[in-house]
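Quick notes on the structure that follows.
The values are calculated or read from the model by the stated rules, or taken from the named source; none is laboratory data. Worth saying up front: this structure is predicted, and the values here are computed from it rather than measured. Virtual Cβ from ideal backbone geometry, glycine too; neighbours counted across all protein chains shown. Side chains included, ligands, DNA and RNA excluded: accessible areas come from the protein's heavy atoms. Shrake-Rupley method; radii C 1.70, N 1.55, O 1.52, S 1.80 Å.
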Amino acid sequence: MTERGGELRGRDPADRSVALGMLAGVLAYTLWGFFPAFFPLLEPAGAVEIVGHRIVWSLVIMALVLTVMRRWRELWALDRLSWARIAGAAAFITVNWGVYVHTVNSERVTEAALGYTINPLVSVLLGVVAFRERLNRPQVFAVALAVVAVGVLTVGYGHFPYLSVLLATSFGLYGVFKKKLRVDPVVGMTGEVLLIAPVALAVLVWLGATGAGTFTGHGAGHAALLATSGLVTVVPLLLFAVAAQRIPLATVGMLQYIIPVLQMAWGILVVGERLDAVQWTGFALIWVAVIAFTLAGRSRRRTRAGVSGRVGEPTYTGPDKP
């Protein structure tokens with residue numbers, strides 16, 4: 001009995017780590033899902049000004065985090081290739097942030113939700129191109145179905161959903177650079193905002209000098225909200241880093257669908273967007289494609305587990321447990 005009790009106590013730290021990872025992941029994706037509630041509060045600031053403040057104030061917070069963690073040496077010790085990849089990641093995440101803020105503040109929240117729904121499929125296509133990853137037939141079918149769905153949505157919206165595609169593509173390309181980057185997430189994120197912050201600060205100074213900026217002309221509350229955008233940006237990213245270190249990547253991937261579900265609900269129930277029958281059909285096809293692709297991926301992992309280990313034994317697909 002004592003031996004068994006000791007065994008259970010030995011498992012407790014691992015169980016607590018997984019539970020912490022799940023909680024962090026759910027919180028991260030829930031916060032991202034409610035971003036459409038936050039960015040309209042920053043108006044009358046435009047998308048460019050909002051992104052500029054997100055970058056500058058994110059740098060302030062990440063600088064404090066790295067100082068507390070005493071990890072500045074890790075950042076300065078990075079080689080040129082790592083800095084080049086950080087620069088690429090910074091460029092694409094900046095584009096993603098700008099397109100997202102513009103989309104949400106234009107009351108096109110359902111298009112933002114579409115972007116993050118198709119993002120996993122876009123990431124898969126980029127994986128095929130950039131890393132020569134192979135797809136099985138069900139996965140090819142799922143991607144083809146997603147292409148058909150985008151065509152249906154083009155008819156429903158009356159225009160190609162370019163904002164959704166830009167969101168998915170920019171975040172997918174950001175993921176490509178992050179995949180190639182062998183740097184701790186906290187250090188890497190600090191490097192990203194550090195590189196882009198001078199440009200963001202210059203843009204904010206120019207907006208203020210020309211009278212187009214809103215930071216100083218709309219009261220302390222507005223200025224505080226713009227400054228808070230850094231905290232709103234950093235917190236879910238840090239929570240995501242905690243989750244990615246403690247739970248399998250397959251679980252992380254499933255949790256990400258919290259974002260489009262919440263955003264779609266916000267767009268319809270709060271913003272008052274309306275989808276016609278064609279648009280609902282397009283979204284339904286997208287979700288069928290996503291579910292089919294997810295099931296195909298799980299089937300492939302089970303097959304690999306049967307080849308590499310005992311038949312029927314699940315394979316751990318995430319990072320090593322701490």
- Message: Kindly evaluate Thr117 against the criterion of being hydroxyl-bearing (Ser, Thr, Tyr), closer than 20 Å to Phe38 by Cβ and touching a residue at least 12 places away in the same chain (Cβ under 8 Å).
- Response: no
- Answer yes or no: is there a residue in the range 309-320 that is of a type in the set (Asp, Glu) and modelled with pLDDT of 85 or more. no
- Item | Residues of the range 77-128 satisfying the condition of being surrounded by fewer than 21 Cβ atoms within 10 Å (Cβ to Cβ), over 21 Å from Val48 (Cα atoms) and modelled with pLDDT of 90 or more | Ala77, Leu78, Asp79, Arg80, Leu81, Ser82, Trp83, Ala84
- Filter the range 145-158 for residues that are open to solvent by 50 Å² or more (accessible area, probe 1.4 Å) and at pLDDT 85 or above; which is nearest to Pro260 (Cα to Cα)? Val148
- Taking the options Leu31, Leu66, Leu42, name whichever one is closer than 27 Å to Pro248 by Cβ and either modelled with pLDDT of 95 or more or not basic (Lys, Arg) (or both). Leu31
- Note on the structure: Only one of (1) open to solvent by less than 20 Å² (accessible area, probe 1.4 Å); (2) more than 17 Å from the chain's Cα centre (by Cα); (3) under 30 Å from Val68 (Cα atoms) does not apply to Ala142, and that is (3)
- Item | Subset of the range 187-197 [open to solvent by 20 Å² or more (accessible area, probe 1.4 Å) and touching a Lys or Arg at 6+ places or on another chain (Cβ under 9 Å)] | none
